[in-house]
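Working notes, structure below.
The values are calculated or read from the model by the stated rules, or taken from the named source; none is laboratory data. All of these numbers come straight from a predicted model, not from anything done at the bench. Backbone-built Cβ (ideal geometry, glycine too); neighbour counts: all protein chains shown. Side chains are part of the model used for accessible areas, which takes the heavy atoms of the whole protein and leaves out ligands, DNA and RNA. Shrake-Rupley method; radii C 1.70, N 1.55, O 1.52, S 1.80 Å.
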Amino acid sequence: MSNGVVYLVGAGPGDPKLITVYGLECIQKADVIAYDRLVNPKLLDYAKKDAELVYCGKLPGKHHLIQEEIHELLVAKAKEGKVVTRLKGGDPFVFGRGAEEAEVLKNHDIPYEVVPGITAGIAAPAYAGIPVTHRDFATSFALVTGHGREEKGQDFLNWPALATGIDTVAFYMSVGNLSYIARKLIEHGRKATTPVAVIEWGTTDKQRTITGQLDEIASIIEHEGYHNPSMIVVGDVVNVREKIHWFQEQQLEIS
């Protein structure tokens with residue numbers, strides 16, 4: 001039996017309408033769909049009736065399937081000659097471990113394709129009325145995973161560069177670490193008054209957004225009860241939201 005094929009598909013940031021046309025085709029033709037926690041379940045409605053759905057969700061410290069088991073699953077199903085769609089929130093190559101899965105498939109001579117998706121670091125701010133670049137405020141932009149801490153030996157970030165060399169910084173998976181992030185940015189030269197936005201459940205009907213200064217934002221989100229999944233956006237572009245918070249206006253009209 002010849003091997004099947006694996007599609008590493010970005011499901012987008014939450015709103016199911018934001019998946020790409022090709023990504024949707026990969027869902028529709030899949031024999032097996034291995035999907036993550038942040039994939040909108042409405043996308044699974046497009047699967048074939050007899051498709052096998054495998055949940056691979058991950059919470060901090062709680063993995064339904066560990067990464068090695070996901071690798072084994074993709075390889076095993078493909079070797080059965082099946083069409084496998086690995087469905088990931090956002091983009092598979094932006095903090096999605098898609099490259100690791102591609103390497104495993106390559107090592108096993110299994111055909112695969114990477115189908116990019118819209119990452120939350122761009123989409124969530126856009127739905128909050130925040131452009132990550134702007135001619136007047138930001139000509140540079142960084143995507144950062146911000147859950148590591150120095151005392152745990154997990155902090156590998158270039159804080160001086162992030163603090164003073166990048167106009168807009170979007171932090172993923174970082175709500176519980178925001179006080180540490182703010183402190184490190186300020187220590188390395190970012191102004192304490194820099195505007196920050198935290199966007200929870202971006203691009204979905206549960207989206208909510210709060211803003212504040214860098215030196216205050218951690219206490220603000222703790223008081224307001226913000227949790228993951230959330231994007232943190234640091235930079236002067238946050239102020240643009242005051243004029244173009246279009247999605248919030250739509251939510252108010254609906255409510």
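Checking residue 6 against (1) assigned to a loop (DSSP other than H, G, I, E, B); (2) modelled with pLDDT of 95 or more: exactly one of these is not met. Which one?
(1)
Check off (1) surrounded by 20 or more Cβ atoms within 10 Å (Cβ to Cβ); (2) under 15 Å from the mean Cα position of the chain (by Cα); (3) not in a strand (DSSP E or B) for residue 204 and give me the number that stays unchecked.
So the condition that residue 204 fails would be (1).
Output the residue which, of all residues in segment 211-228 that are open to solvent by less than 30 Å² (accessible area, probe 1.4 Å) and touching a strand residue (DSSP E or B) at 6+ places or on another chain (Cβ under 7 Å), is nearest to residue 163 (Cα to Cα).
Among residues in segment 211-228 that are open to solvent by less than 30 Å² (accessible area, probe 1.4 Å) and touching a strand residue (DSSP E or B) at 6+ places or on another chain (Cβ under 7 Å), the one nearest to residue 163 (Cα to Cα) is 214.
So which residues in segment 56-88 are at pLDDT 95 or above, outside any helix (DSSP H, G or I) and within 22 Å of the chain's Cα centre (by Cα), if there are any at all?
84, 85, 86, 87, 88
Can you tell me which residue in segment 184-194 is nearest to residue 156 (Cα to Cα), limited to those that are open to solvent by 20 Å² or more (accessible area, probe 1.4 Å) and touching a strand residue (DSSP E or B) at 6+ places or on another chain (Cβ under 7 Å)?
My answer is 192.
Need pairs with beta-carbon distance below 8 Å; first residue more than 15 Å from residue 143 (Cα to Cα) and assigned to a loop (DSSP other than H, G, I, E, B) and within segment 223-242, second open to solvent by 20 Å² or more (accessible area, probe 1.4 Å) and of a type in the set (Lys, Arg); sequence gap 6+ or separate chains.
The qualifying pairs are 226/208.
Any idea which of 7, 22, 35 is surrounded by fewer than 16 Cβ atoms within 10 Å (Cβ to Cβ) and aromatic (Phe, Trp, Tyr)?
22
What single numbered condition from (1) open to solvent by less than 50 Å² (accessible area, probe 1.4 Å); (2) at pLDDT 95 or above; (3) in contact with a strand residue (DSSP E or B) (Cβ under 9 Å, 6 or more places away or on another chain); (4) of a type in the set (Val, Ile, Thr) fails to hold for residue 145?
Every condition holds for residue 145 apart from (2).
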